[in-house]
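Take a look at the structure below.
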Amino acid sequence: MKLENRIAIITGGGRGIGRAIALEFARHGARVVLAARTAQDVEKTAAQIGNEGTALPVVCDVSDVASVQLMFARVLVKFGGGADILVNNAGIAESAPLAKTDDDLWQRHLAINLSGTFYCTRAAVPAMLERGWGRVINVASIAGKTGAPYIAAYAASKHGVLGLTRSIALELAAKGITVNAICPGYVDTDMAARGVENVTAKTGRSAEQALEAIKKTSPQNRLITVEEVAALALLLASEEGRGINGQAINIDGGAVLF
Ligand code: NDP
């Protein structure tokens, strides 16, 4: 029970990677807060955790600072304290060539992927400072380290997340708080499935061909599973992970080597 009695907020905890992290943390004794915009998803994940732990589903839009503040207020009421662990996982990924990257698409990515991470971290850190212990885990992407065609807004937002991670990690390093980023390649979730649909729609390739092309971006020729990402998040959240700070750890089969 590596996370016994810890309070962990997982944004985007209703499905995909966030859901897997929530289930893994609950299995290790954490009380988990699942925050996303779709009530049905967070309630379903909370129900799945059931007797295994205490789960609080909260409807929250991380790009809206008032909604984030409300979520933290609900955590305080429910658990009597702030979060020990914050996983900034909520995110969107849409692709478009530069000429079709309109203001809305650009702002949406910055607001959810980058500002959402900032708002939640700023709200979570005071309680961590009080306790002298905390973990912030940002689910970024290898697109936070490299570029690729048609994902300028997504890649820019994820590069921003790494800058935020490294700066806050140094600011809080002597206070018992670590701040790290996880940088996955393609993970087998709805987001990757939408990527397949997109390639199919735009290139006329079959779904199988599109999936093969996506797999080939990894030297392991496969998608990463959500459980693999959750296992890494558990290490970063645990006591044993206390020496790992300010890192952006790739989990991509070796596609990006820095
Ligand atoms: P999914 O689309 O399956 O899940 C995304 C989650 O984020 C959902 O729970 C969604 O809930 C939530 N979310 C989106 N916008 C908001 C918002 N404004 N406020 C609160 N919650 C929000 O994606 P994944 O699980 O695949 O992705 C999770 C993270 O991992 C993302 O940050 C993504 O960029 C990153 N990642 C994913 C990769 C992949 O291949 N899947 C690769 C690399 C990184 P709702 O819509 O209900 O709000």
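The values are calculated or read from the model by the stated rules, or taken from the named source; none is laboratory data. Please read all numbers here as calculations on a predicted model, not as lab measurements. For neighbour counting, all protein chains shown are included, and Cβ atoms are generated from backbone atoms with ideal geometry for every residue, glycine included. Surface areas here come from the heavy atoms of the whole protein model, side chains and all, with no ligands, DNA or RNA. Shrake-Rupley method; radii C 1.70, N 1.55, O 1.52, S 1.80 Å.
Averaging 1/r across all pairs of distinct Cα atoms in the stretch 137-192 and inverting the result yields a Kirkwood radius of 12.1 Å. Each Cα pair under 8 Å and six or more residues apart adds its sequence gap; the mean of these over the residue count of the chain is a relative contact order of 18 percent. Kirkwood analysis of the Cα pair distances in the stretch 131-238 returns a hydrodynamic radius of 15.5 Å. The C-alpha radius of gyration of the chain, expressed as a fraction of 2.2 N^0.38 Å, stands at 0.97. Looking at the stretch 196-258, the trypsin sites (Lys or Arg not before Pro) that sit in a DSSP loop and have at most 15 other Cβ atoms within 10 Å of their own Cβ are ARG205, LYS216, ARG222, ARG242. Provide, for q = 0.28 Å⁻¹, the log10 of I(q)/I(0) from a solvent-free Debye sum over equal Cα point scatterers in the stretch 1-65. Once normalised to I(0) and log-transformed, intensities are -1.14. In a simple Cβ point-charge model (Lys, Arg +1; Asp, Glu -1; nothing else charged), the chain has a dipole of about 240 debye relative to its Cα centre.
Taking other residues whose beta carbon is less than 10 angstrom from the beta carbon of GLY16, and scoring Lys, Arg as +1 and Asp, Glu as -1, yields -1. Between the beta carbons of ARG122 and LEU235, assuming R0 = 30 Å, the FRET efficiency works out to 0.75 to the nearest 0.05. Surface composition of the chain: carbon and sulfur make up 53 percent of the accessible area, probe 1.4 Å. Helical runs assigned H by DSSP (4 residues or longer) give the chain a calculated mean residue ellipticity at 222 nm of -14500 deg cm²/dmol, each run adding -39500 (n - 2.57) before division by the residue total. Note on LEU105 and ALA213: the extension gain reaches 36.4 nm, defined as 0.36 nm multiplied by sequence separation minus the Cα-Cα distance. The residues of the chain have, on average, 46 Å² of accessible surface per residue, using a 1.4 Å probe with all protein chains present. A Förster radius of 45 Å, combined with the Cβ-Cβ distance separating VAL77 from LEU170, puts the computed FRET efficiency at roughly 0.85. Each residue, LYS202 and VAL65, gets one label point 7 Å from its Cα in the Cβ direction; the gap between the two is 3.3 nm.
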